[in-house]
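The values are calculated or read from the model by the stated rules, or taken from the named source; none is laboratory data. Since the model is a prediction, treat every value here as computed from it, not as a measurement. When we count neighbours, we look across all protein chains shown, and the Cβ atoms used for this are built from the backbone with ideal geometry, even at glycine. The accessibility values were calculated without ligands, DNA or RNA, using every heavy atom of the protein model including side chains. Shrake-Rupley method; radii C 1.70, N 1.55, O 1.52, S 1.80 Å.
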Amino acid sequence: MTRDEIREGLAEILEEVAGVNPDDAAEDKSFTDDLDVDSLSMVEVVVAAEERFDVKIPDDEVQNLKTVGDAVSFIEKAGK
Amino acid sequence: MTNGVNGTKVVGLGHYQPSKVLTNEDLAKMVDTNDEWIVSRVGIKERRIAEDETVADMATAAAEKALAASGLTAADIDYVIVATCTALDRTPNVASRVAAGLGIDAPAAIDINTACSGFPHAVATADHAIRAGAATNAIVVGVERLSDFTDWTDRSTCVLFGDGAGAVVLTATAPGEEPGVGPVVWGSVPEMSDAVRILGDHPYINQNGQSVFRWATTTLAPLARKAAESAGVKIEDVAAVVFHQANLRIIEGIAKRLGADNAVIARDIVESGNTSAASVPLALSKMVARGEIPSGAPVLLFAFGGGLTYAGQIIRCP
């Protein structure tokens, strides 16, 4: 799966969970500061991403995922 | 040997909340927060805070109402069990004080502490005691005065909690009568014992919100469904669901995965906050008082909290 495909999948999840406009979900955007995703919505995004991409994202890792790009990179690596 | 008792049922409910209301606007004057932030994060509009009322006072008040509603008297009660994690005294326990307050003569008087999941644990324990022939009529209370253990300068926790109590009276079913309390589904996740805590050297409630949210919304729905099924109740036939009132988003997250599509979902958290072991009986008693639960209809209780612990069962209300 390419980075773009992962980012598009994340954008769909972000739209469903937190009402984020998919056009805004660029790799450089911060979940908290740019996309207004609060800490509990972030958990919902992570849980949905685990199901969709068949990866494990541990609790300890969630705090390191500051931007959409961080999440794309983690999923890309974890999926290999 | 059997005593002929094959089940128990709820014959009375009651609750008590302090009269002092603490709104989100009130909190905004104490810490850096606002109504919109609190409502969007946890769904709470206001909570009740105890003033003069002790844990035992609130437990006794709720138990007294449940006893009055049951048609039984203090003389009939031989088992008092109180779920709480905020009793200040190590002894006497709260159950003894409730018994003394109501003039109950010589009951078994027991407190249990499984934090927020205490009430369904206590209902199960009372159900088991009656079915084993060790008791005939029980008062089961969930009570909490979390305001004593809240850091009122910490905006991430002080918006969450409230005080209150709820109680039910349980009695044996007649021979041939269908049990009104279903088998309990209970357990714990000891490896997550650090996730919710009120520690001796730092006596303020604290939690890893994200971990608890994830655990609750991803693992509890199948356990709650099992509690319904083990009572022979199809999930779509459940009339009401009373989850522990921790956070409206957890309640809605579990409800979405549960599939109890025809059930009224308790949302007492909006007006009461998180009252830990009191939240389930408080929400339940208020729903019954408002006529939202048909007599005899299956109600699914499911609570979860510090430990981490969880417990739930089907009950039927008068």
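Would you check chain B for Lys pairs whose C-alpha atoms are within less than 28 Å, ignoring same-chain pairs closer than 8 in sequence, and give me the count?
19
Is there a quick way to get the dipole size of the protein assembly as shown? I mean about its Cα centre, with the Cβ of Lys and Arg at +1 and of Asp and Glu at -1; what is the value in debye to the nearest 20?
Charge dipole of the protein assembly as shown: 1420 debye, to the nearest 20.
Can you list residues from other chains, or at least 5 along the same chain, whose modelled amide H is less than 5 Å from the amide H of A:GLU27?
none
Could you give the angle, 0 to 90 degrees to the nearest 10, between helix B:118-131's Cα long axis and the longest principal axis of the Cα atoms of chain B?
10 degrees
Could you bin all the Cα-Cα distances of chain B into 20 Å bins starting at 0 and give me the percent of pairs in each, rounded to whole numbers?
36, 58, 6, 0
Over all pairs of distinct alpha carbons, what does the Kirkwood formula give as the hydrodynamic radius of region A:3-79, in Å?
For region A:3-79, inverting the mean 1/r across all distinct Cα pairs yields 11.9 Å.
Please list the non-local residues whose amide H lies under 5 Å from the amide H of A:LEU35, H modeled 1.01 Å from N, same-chain partners needing a gap of 5 or more.
Correct list: A:SER30.
Could you tell me the calculated FRET efficiency between A:ASP36 and A:LYS56, based on Cβ-Cβ distance and R0 = 25 angstrom, to the nearest 0.05?
According to the calculation, E is roughly 0.40.
Ratio to report: Rg/Rh of region B:67-222, with Cα atoms as the point set and Rh obtained by the Kirkwood method; give two decimals.
1.01
How large is the accessible surface of B:LYS65 in square angstrom, using a 1.4 angstrom probe and rounding to the nearest 10?
100 Å²
If only Cα atoms are counted, what is the Rg of the protein assembly as shown, and what is its Dmax, in Å?
22.2, 73
Relative to the first principal axis of the alpha-carbon coordinates of chain B, what is the inclination of helix B:279-289, with its axis defined by its Cα atoms, in degrees from 0 to 90 and to the nearest 10?
The answer is roughly 70 degrees.
Return one whole number: the accessible area per residue of region A:3-79 in Å², for a 1.4 Å probe.
Normalised by residue count, the accessible surface of region A:3-79 is 53 Å².
How large is the helix-only mean residue ellipticity at 222 nm for the protein assembly as shown, computed as the sum of -39500 (n - 2.57) over DSSP H runs with n ≥ 4, divided by its residue count, in deg cm²/dmol to the nearest 500?
Computed mean residue ellipticity for the protein assembly as shown: -11000 deg cm²/dmol.
Once phi is turned into θ = phi - 60°, what whole-Hz ³J(HN,Hα) does the Karplus curve with 6.51, -1.76 and 1.60 give for every residue of region B:75-82, x standing for Gly and Pro?
Couplings: 5, 7, 8, 10, 8, 10, 10, 10 Hz.
Show me, for region B:196-201, the HN-Hα J-couplings you get by feeding each phi into the Karplus relation (A = 6.51, B = -1.76, C = 1.60, θ = phi - 60°), rounded to Hz, glycine and proline as x.
Listing the rounded values in order: 10, 8, 10, 8, x, 8 Hz.
Would you pull out the residues with amide H under 5 Å of B:THR309's amide H, same chain only if 5 or more places away, H placed 1.01 Å from N?
For B:THR309, the qualifying residues are B:VAL189.
For a test of the definition: using alpha carbon positions, the gyration tensor, and the 1.5 limit on a/c, classify region B:1-144 as rounded, prolate or oblate.
Here region B:1-144 falls in the prolate category.
For chain B, with every protein chain kept in place, what is the accessible area per residue (1.4 Å probe, Å²)?
39 Å²
For helix B:248-258, report the angle its Cα long axis makes with the longest principal axis of the Cα atoms of chain B; keep it between 0 and 90° and round to the nearest 10°.
50 degrees
Name the GluC sites (Glu not before Pro) in region B:4-79 that are in a loop by DSSP and that have at most 12 other C-beta atoms within 10 Å, would you?
B:GLU51
For region B:107-246, give the percent of accessible area contributed by carbon and sulfur heavy atoms, probe 1.4 Å, rounded to a whole number.
Carbon and sulfur atoms account for 52 percent of the accessible area of region B:107-246.
Please report the buried accessible area for the interface of B with A, total over both chains, probe 1.4 Å, in Å² to the nearest 100.
Accessible area lost upon association: around 1100 Å².
Compute log10 of I(q)/I(0) for region B:185-317 with the Debye formula, placing one identical point scatterer on every Cα and leaving out solvent, at q = 0.09, 0.15, 0.20, 0.21 Å⁻¹, to two decimals.
-0.25, -0.68, -1.16, -1.27
Cα centroid distance between region B:268-318 and region B:192-224, in Å?
Each part reduced to its Cα centre gives a spacing of 19 Å.
Bin width 10 Å, alpha-carbon pairs only: give the P(r) of region B:166-231 as whole percents, running from 0 to the bin holding the largest distance.
That works out to 15, 30, 30, 18, 6, 0, in percent per bin.
For chain A, what are the DSSP H helices with axial Cα length of 18 Å or more and mean Kyte-Doolittle hydropathy of at least 1.0?
Once both thresholds are applied, nothing remains.
Report ³J(HN,Hα) in whole Hz for each residue of region B:147-156, in order, from the Karplus equation J = 6.51 cos²θ - 1.76 cosθ + 1.60 where θ = phi - 60°; Gly and Pro get x.
Result, ordered by residue: 4, 6, 10, 10, 7, 6, 9, 9, 5, 7 Hz.
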